[in-house]
Protein chains: 4
Amino acid sequence: MSDLEAIRVAAKAFREERDWEQFQDPKSVMLALVGEVGELAELLQWLPADRAKELIAEEPLHTRVSEELADVLVYLVGLAEQCGVDLGPEALAKIEKSALKHPVATSKGKAPRRV
Amino acid sequence: MSDLEAIRVAAKAFREERDWEQFQDPKSVMLALVGEVGELAELLQWLPADRAKELIAEEPLHTRVSEELADVLVYLVGLAEQCGVDLGPEALAKIEKSALKHPVATSKGKAPRRV
Amino acid sequence: MSDLEAIRVAAKAFREERDWEQFQDPKSVMLALVGEVGELAELLQWLPADRAKELIAEEPLHTRVSEELADVLVYLVGLAEQCGVDLGPEALAKIEKSALKHPVATSKGKAPRRV
Amino acid sequence: MSDLEAIRVAAKAFREERDWEQFQDPKSVMLALVGEVGELAELLQWLPADRAKELIAEEPLHTRVSEELADVLVYLVGLAEQCGVDLGPEALAKIEKSALKHPVATSKGKAPRRV
């Protein structure tokens, strides 16, 4: 069983055991995802940008970051399930689509510009 | 290879081919993740809550939602890699931790309260 | 003094008294804003959509929502200051721009569609 | 009239003219706010942290950032209105509360720690 499928199954069982499926709908799960993304952002916000990676490797920050990344993934998997989307294959397909949109020849070394 | 690992490897190759690793740091990838979460939220915001699931099943919305969910996952995997976190096992561990924190006996049927 | 200006001045004094200006840069303040948006989302996520307004009017939720809305505004004002943007006039200008983009004749009764 | 009140009144008139009040509820407006926060994050994500301020001062980025900051404020004002919260006074009150929570003597020069 793939990682994503194992997470989906475990999270579904967790909700069903507690009769929590009734509270699940796409917009609510989306807001829960936003909540966890916010907790993750809070852990990073004041880290000096050029030292962030090394600081995140230290405890207790490393454990807190792991927990919040995990929380975001669990809600993302649940939202994908709600929306009838097969996350794994879609992510790989998206990377391929991006590769076509940003050919190596014209993209090399230049960060994608938003404006 | 697990699906999360396949995504990690494909995204890394994509960045390395274009010499884009130089632009990667935890706070920047975090903001990119927030950008994709925002695009996903925009697709759901005006859907009537009680009809959201069925509306998301229809095209062209279903394809757009799949793409944005995929984008969020790709950045999440990249951020976990930046932070030295093994996403799959951490997510499963977090579900187990939540199960202990919310025993079935006391949780059944009652939505978790934030306040 | 306008209310946005009063907030800007008070927040700036708060930071200067504590010698916290050194930690301020647009990307960091953006992440702090995301953190507060997340805390706000967490307060709303499990509320039934059709009863959210009345539930938010009750305590203790009303006070918590007020606090998080306030936090978001304070960071937004700080970010605008960092970016050299006059928030009040820009917001009014944006509403006018939207009015031209969505003429009443063609918009009446139809929610803006994202896809 | 204060800035925030002028924005509130203009946004309300905009919605009422188009009969869009029917689509407004706290969770939907929250998601719209998240959408605009995401658009703002996307403009900043790849800027080098130590040059972000100067780069944001240049066009066309400065205009884009102004527009997105404005969008976030308009939705924040609308959400506060939905939730029966007087944003301006609450923001000033929050700054005062933070000042008591972080006394100058013990806070000076040290960034607030999240973990």
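Summary of values
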| quantity | calculated |
| --- | --- |
| Chain C Cβ-axis minimum, rotational copy A, residue and distance in Å | C:Gly38, 1 |
| Degrees separating the helix B:3-17 axis from the principal Cα axis of chain B, which is the longest one | 30 |
| Top of B:Ala13, B:Ala105, B:Ala57 by mean-square fluctuation, Gaussian network on chain B, Cα under 10 Å | B:Ala105 |
| Label spacing, shortest first and in nm, from C:Pro89 to its equivalents in the remaining copies (7 angstrom along Cα→Cβ) | 2.9, 5.5, 5.8 |
| Hull-based mean projected area of the protein assembly as shown, where the convex hull spans the alpha carbons, in square nanometres | 21.7 |
| Position D:Lys108, label points 7 Å along Cα→Cβ, spacing to each other copy in nm (shortest first, one decimal) | 5.5, 5.9, 6.4 |
| Shortest-first distances to equivalent copies, position D:Thr63, nm, label 7 Å out along Cβ | 3.2, 4.7, 5.2 |
| Computed magnitude of the charge dipole of chain A (debye, nearest 20; Cβ of K, R +1, Cβ of D, E -1) | 980 |
| Cα long-axis angle, helix C:26-44 against chain C (0 to 90 degrees, to the nearest 10) | 50 |
| Compactness of chain B - radius of gyration and Dmax, Cα, Å | 17.7, 53 |
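Just so you know, all these numbers are worked out from the coordinates, no wet-lab data involved. All of these numbers come straight from a predicted model, not from anything done at the bench. Please note: Cβ atoms are built from the backbone with ideal geometry, for glycine as well, and neighbour counts cover all protein chains shown.
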